[in-house]
Amino acid sequence: MSASVSRLPSRALAIIGPKKRARSSDAEFDDEELLADCLRGQSQAMDLLYHRYKRRVYGLVTRIVGAGDSEEVVQEVFVRIYRGLAKFRGDSQLSTWIYRLAVNCSLSHIAKRKRRPECEEYQDQVAAEPVPVADPALSRRLEDALKLLPAGYRAVLVLHDIEGQSHEQCAEILGCRVGTSKSQLHKARARMRELLSSSLQPKVACATDQDNVEEG
Amino acid sequence: MRCRDAQKLSSDYLDGELEPDASAAVRGHLRTCTDCEHYFAQEAELVEAAASLASLEPPDSIWEGIQARIARAEVQDARGGLLRRWLRRRTRTIALTGAAVLVAAAVLVIVSPWKHQEPSQRADSRSQEEPGKQSLQPTFAEERAAQLAESDRHYIESIAELRELVEEDRSAWGAEEAAAIDAQLASFHRNAIGQRLNLTSGAGASEPDTMGRATLYAGYRAEIAFLQSTLAGDFPERR
C-alpha cells in the first residue's frame with residue numbers, strides 16, 4: 001500500500017458521470033406525435049420511426065447477437081414495433097419500449113441459436129493467445145471482447161455504457177431492479193477489464209492480493 | 001477503506017451514483033493507494049472507450065426486409081382473420097350441436113323407458129299415444145342420428161376448407177416445416193378414420209357409443225385448432 005498522498009490522476013479521480021443522450025422534452029413530444037401518426041397508418045410516419053431508431057436498435061442488437069444474425073433480429077424487432085404499436089400504452093417512453101423489444105428479441109434469439117463451431121473456435125483462440133502489448137485499437141478489441149461476455153452482462157453494458165441509458169431506464173428495459181442493473185454492470189465491467197487487461201495501461205494487481213488495512 | 005471495498009464501488013463512483021460522503025471516502029482512498037487508482041483508471045478508460053464507440057449504420061436491406069415481412073403478415077391477417085371469425089362461429093355451432101347430442105344420448109341411455117321394451121311393445125305404445133301421427137314423427141334415435149350426421153358434416157367441411165387454405169401457404173414453408181405439418185395432418189386423418197370405423201362397427205349396438213363420439217369430435221377440434229394456428233403462423237417450427 002502506498003502511504004504517501006499520490007499525485008492527482010485526472011482520470012481516476014474525475015467522476016465521469018453517466019453518458020447522457022439528448023432526452024429533451026422536445027424529443028419526447030416528437031415521439032408522441034410520431035406514434036399518433038403511425039397509429040393513423042401514415043406511411044411517412046412509419047418511415048420516420050424506422051430512421052429515428054434504426055441506429056440505436058441495430059447497434060444494440062449487433063452488439064448483443066453479433067453481426068451475422070443482427071439483420072434478421074433487427075427486422076423482427078421493427079415488425080414487432082409496427083405490429084404492436086396499437087398495444088403500446090404509453091406508461092413508458094417510446095424509446096424504452098423499443099429498447100425492451102430489441103433486448104428481448106436479441107436474448108431470445110441467442111437462447112434459440114445453436115452453438116456454431118466458429119464461435120467455439122473464436123473463444124478458444126482468445127483464451128489461449130499470449131498477453132499482447134497495449135493495443136492502440138482499443139475500440140476494436142472492446143467490440144471483440146463484448147462477444148465473450150455472457151448475454152445478460154452484454155445487454156446491460158451495451159445499454160448503459162454504449163447506448164447511454166440510465167440505470168432506471170436499464171431496469172425498466174431489462175425488467176429488473178435498479179440495484180440489479182448496477183451490480184450486473186459492475187460485474188460486466190470487471191469481466192471486460194479481465195478480457196482487456198493487456199490492452200489497458202497500466203497493469204494492476206488483483207484486489208484480493210492487496211487487502212489494505214483501514215486507514216485512519 | 002480496504003481496496004476490496006473501494007473496488008466494489010468503482011462503477012457507482014465513476015457513474016456519479018454514490019452519495020457525496022461515500023464518493024469522498026473513495027476519493028480519499030484513491031489518493032493514497034496507487035493500485036486502486038490504477039484499477040479505477042482502467043475502468044474509466046473502458047467506460048470512455050465504450051461511450052465513444054461509433055454508432056453502427058444498418059444496411060438498406062433491413063428496411064426492405066421489414067416492409068416485406070409486414071406485407072406478408074398483413075396478407076395473413078386478411079386471409080386468416082376473416083376465416084378465424086367465421087370458423088369460430090362454425091366451431092361454436094358444431095361444439096354446441098355435438099355437446100347437445102351427446103348429452104341427449106346419455107339421457108337416452110340412462111332413462112329411456114324403451115330401453116327394456118320389446119319392439120312390438122314400442123309399436124303398440126306409439127299407436128296408442130298418438131294415433132295417425134306415429135309414422136310421421138321421427139324417433140329420438142332418428143333425430144339423434146340426423147343431428148350427429150349434421151355435426152359430422154360441419155366438422156368435415158370446416159377441416160377440408162382449412163386444409164385448402166393451409167395448402168396455399170405451402171410454398172412459404174421450409175422442408176422441415178412442411179414435413180412436420182404433413183406428419184401432424186396425417187396423424188389427425190388416421191385417428192379420425194380409426195375412430196369412425198370404431199363407431200361404424202358398433203352402430204348396431206343397443207346403446208350409443210357416447211365416449212367414442214366424444215373422442216372423434218375432440219380429434220376434429222384439435223385438427224381445426226392446429227390448422228388455424230398454422231394459418232396464423234404460430235406453428236412452432238416457423239418461429
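So the values come out like this:
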quantity: Mean projection area, nm², convex hull over Cα of the range A:48-90; calculated: 3.2 nm²
quantity: Listed pairs A:Lys87/A:Lys147; A:Lys112/B:Lys8; A:Lys54/A:Lys187; A:Lys87/A:Lys112; A:Lys54/A:Lys147 exceeding 24 Å between Cα atoms; calculated: A:Lys87/A:Lys147; A:Lys112/B:Lys8; A:Lys54/A:Lys187; A:Lys87/A:Lys112
quantity: Neighbouring partner chain Cβ atoms per residue of A:188-199, average, 10 Å criterion; calculated: 3
quantity: Sorted by Cβ density within 10 Å, fewest first, the residues A:Leu48, A:Leu185, B:Leu162; calculated: A:Leu48, B:Leu162, A:Leu185
quantity: Label-point separation, B:Ser201 to B:Ala78 (7 Å along Cα→Cβ), nm; calculated: 4.9 nm
quantity: Computed E for B:Ile156/A:Glu33 - FRET, C-beta separation, R0 60 angstrom, nearest 0.05; calculated: 0.70
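Bear in mind that the values in this text are calculations on the coordinates, not laboratory data. Given the structure is predicted, the values throughout are model-derived calculations rather than measurements. As a convention, Cβ positions derive from the backbone with ideal geometry for all residues, glycine included, and neighbour counts pool all protein chains shown.
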